[in-house]
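Working notes for the structure below.
The values are calculated or read from the model by the stated rules, or taken from the named source; none is laboratory data. Treat the numbers as computed from the prediction; the structure is a model and nothing was measured. Counting neighbours? That spans all protein chains shown, and the Cβs are built from the backbone with ideal geometry, glycine included.
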């Protein structure tokens with residue numbers, strides 16, 4: 001886990017209202033949430049020394065897509081849990097090969113999120 | 001003011017949106033996220049959706065206006081729009097987005113800017129714009145009724 005006890009989540013999605021939905025879901029767990037609009041900014045978060053426990057990663061984003069961002073993070077040796085969340089079913093293998101831990105198809109529901117959090121032991 | 005009547009009108013409008021296929025199950029997910037901590041969550045998210053989708057559709061309009069059409073770019077825009085529609089439960093819009101993307105793929109296969117495929121794409125996009133406009137009007141009316149009706153005393157979920 002990241003250094004503090006609070007679970008820290010990074011939402012990476014270029015869609016404003018998708019990020020709003022995820023934030024509202026995650027607020028229910030009192031997690032600390034950061035959001036960025038693309039893969040490049042996601043990488044920058046880690047380059048700046050920020051630590052996260054979980055990344056929710058979209059695929060299609062400007063500047064750097066989710067697959068490339070995932071690959072880059074793994075190349076940097078960042079062990080954070082990455083959950084790919086996209087409506088592009090064909091990208092599953094690519095995402096998993098890039099180093100994603102899980103792959104989910106949009107739309108993300110609250111129960112899907114809860115299951116993922118439980119699987120990573122983020123819920124007590 | 002007859003708040004009961006207003007709530008019934010809102011409920012009826014909401015039911016119509018589902019019965020007529022404008023909205024799907026995903027919208028229930030959004031409603032389930034609304035609580036005391038986020039009392040206007042659904043309306044906020046819907047407002048964001050229409051703001052973002054309007055911008056995306058303007059990009060698509062511009063891309064379609066160009067003499068040399070970049071169908072790969074159009075497909076990317078449409079994928080974004082479709083993703084947004086999926087997240088909010090805008091079912092009919094999502095269907096039309098899928099149809100448009102199939103046109104783009106047909107165009108890429110043809111590779112010769114066939115007029116019939118171009119026309120199909122344009123018509124498909126007009127349908128998306130119509131669905132977008134209708135959904136927006138209906139949801140705006142729905143939220144207006146909810147605001148007029150005021151908060152409900154008991155937190156009961158309307159029947160699906």
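I need every pair where a residue in segment B:5-22 that is within 21 Å of residue B:93 (Cα to Cα) has its Cβ under 7 Å from the Cβ of a residue that is surrounded by fewer than 17 Cβ atoms within 10 Å (Cβ to Cβ) and at pLDDT below 95, sequence separation at least 6 or different chains.
Close Cβ pairs (under 7 Å, with a partner that is surrounded by fewer than 17 Cβ atoms within 10 Å (Cβ to Cβ) and at pLDDT below 95) amount to B:14/B:158.
List pairs: first residue in segment B:90-118 and over 14 Å from residue B:69 (Cα atoms), second residue modelled with pLDDT of 90 or more and surrounded by fewer than 15 Cβ atoms within 10 Å (Cβ to Cβ) anywhere in the structure, Cβ distance under 8 angstrom, at least six positions apart or on different chains.
Final answer for the pair search is B:91/B:21; B:92/B:21.
Taking residue A:66 as the residue in question, decide whether it is closer than 16 Å to residue A:102 by Cα, touching a strand residue (DSSP E or B) at 6+ places or on another chain (Cβ under 8 Å) and modelled with pLDDT of 95 or more. Talk me through it step by step, then tell me what you get.
Working: closer than 16 Å to residue A:102 by Cα: yes; touching a strand residue (DSSP E or B) at 6+ places or on another chain (Cβ under 8 Å): yes; modelled with pLDDT of 95 or more: yes.
Yes, satisfied.
Condition first: within 11 Å of chain A (Cβ to nearest Cβ) and crowded, with 18+ Cβ neighbours inside 10 Å. Now tell me which residues in segment B:4-25 satisfy that.
B:24
Here are A:77, A:66, A:49: which of them is under 28 Å from residue B:101 (Cβ atoms) and either over 15 Å from the mean Cα position of the chain (by Cα) or within 14 Å of another protein chain (Cβ to nearest Cβ) (or both)? Break it down into steps so the answer makes sense when it comes.
Details: A:77 fails: under 28 Å from residue B:101 (Cβ atoms); A:49 fails: under 28 Å from residue B:101 (Cβ atoms).
After applying the criteria, what remains is A:66.
Restricting the first residue to segment A:21-38 and requiring it to be away from every other protein chain (no Cβ under 12 Å), which pairs with a second residue that is assigned to a strand (DSSP E or B) meet a Cβ separation below 6 Å and a spacing of at least six or different chains?
Matching pairs, first to second residue: A:31/A:9; A:32/A:8; A:33/A:9; A:34/A:10; A:35/A:11; A:36/A:12.
Criterion first (without any contact (Cβ under 8 Å) to a residue 60 or more places away in the chain, crowded, with 16+ Cβ neighbours inside 10 Å, closer than 23 Å to residue A:59 by Cα and more than 14 Å from chain A (Cβ to nearest Cβ)) does residue B:121 satisfy it?
Values: without any contact (Cβ under 8 Å) to a residue 60 or more places away in the chain: yes; crowded, with 16+ Cβ neighbours inside 10 Å: yes; closer than 23 Å to residue A:59 by Cα: no; more than 14 Å from chain A (Cβ to nearest Cβ): yes.
Criteria not met by residue B:121.
Scan segment B:37-53 for residues that are more than 10 Å from chain A (Cβ to nearest Cβ) and either free of Cβ contacts under 8 Å to residues at least 12 places away in the same chain or not in a helix (DSSP H, G or I) (or both) and report the count.
2
Show me the strands (runs of 3 or more DSSP E) found entirely inside segment A:25-124 where at least 2 residues are buried (at least 21 other Cβ atoms within 10 Å of the Cβ).
Numbers: elements: A:32-36, A:54-57, A:81-86, A:102-105.
Answer list for segment A:25-124: A:54-57, A:81-86.
Restricting to segment B:48-83, name every residue that is more than 18 Å from residue B:101 (Cα to Cα) and buried (at least 16 other Cβ atoms within 10 Å of the Cβ).
B:48, B:49, B:50, B:52
Hey, residue B:28 hits all of (1) free of Cβ contacts under 8 Å to residues at least 24 places away in the same chain; (2) surrounded by fewer than 19 Cβ atoms within 10 Å (Cβ to Cβ); (3) within 11 Å of chain A (Cβ to nearest Cβ) but one; which does it fall short on?
Unmet for residue B:28, out of (1) free of Cβ contacts under 8 Å to residues at least 24 places away in the same chain; (2) surrounded by fewer than 19 Cβ atoms within 10 Å (Cβ to Cβ); (3) within 11 Å of chain A (Cβ to nearest Cβ): (1).
Residue B:128 - would you say it is over 30 Å from residue A:111 (Cα atoms) and in contact (Cβ under 8 Å) with a residue 60 or more places away in the chain?
Values: over 30 Å from residue A:111 (Cα atoms): yes; in contact (Cβ under 8 Å) with a residue 60 or more places away in the chain: yes.
So residue B:128 fits the description; yes.
Would you check which residues across segment A:35-55 are touching a helix residue (DSSP H, G or I) at 6+ places or on another chain (Cβ under 6 Å) and closer than 22 Å to residue A:5 by Cα and list them? Reasoning before the result, please.
Step one: of segment A:35-55, the residues touching a helix residue (DSSP H, G or I) at 6+ places or on another chain (Cβ under 6 Å) are A:35-36, A:39, A:42-43.
Residues satisfying the conditions are A:35, A:42.
Can you name the condition, by its number, that residue A:91 falls short on among (1) more than 14 Å from the chain's Cα centre (by Cα); (2) more than 14 Å from chain B (Cβ to nearest Cβ)?
(2)
Which of the residues belonging to segment A:1-20 are in a loop (DSSP other than H, G, I, E, B), within 14 Å of chain B (Cβ to nearest Cβ) and more than 10 Å from the chain's Cα centre (by Cα)? Break it down into steps so the answer makes sense when it comes.
We begin by selecting, within segment A:1-20, every residue in a loop (DSSP other than H, G, I, E, B); these are A:1-7, A:13-15.
From the residues that got through so far, the ones that are within 14 Å of chain B (Cβ to nearest Cβ) too are A:13-15.
Answer for segment A:1-20, where residues must be in a loop (DSSP other than H, G, I, E, B), within 14 Å of chain B (Cβ to nearest Cβ) and more than 10 Å from the chain's Cα centre (by Cα): A:14, A:15.
Consider residue B:76 against the criteria (1) at pLDDT 85 or above; (2) within 23 Å of residue A:20 (Cβ to Cβ): it satisfies all of them except one. Which criterion is unmet?
Status for residue B:76: all satisfied but (1).
Restricting attention to segment B:55-73, does a residue exist that is under 17 Å from residue A:88 (Cα atoms), more than 11 Å from chain A (Cβ to nearest Cβ) and not in a loop (DSSP other than H, G, I, E, B)? Quick ask: steps written out before the conclusion?
Filtering segment B:55-73 for residues under 17 Å from residue A:88 (Cα atoms) gives B:72-73.
Then drop every residue that is not more than 11 Å from chain A (Cβ to nearest Cβ), which leaves B:72-73.
Next, from what is left, pick out any that are not in a loop (DSSP other than H, G, I, E, B): B:72-73.
So far as segment B:55-73 goes, yes, one or more of its residues are under 17 Å from residue A:88 (Cα atoms), more than 11 Å from chain A (Cβ to nearest Cβ) and not in a loop (DSSP other than H, G, I, E, B).
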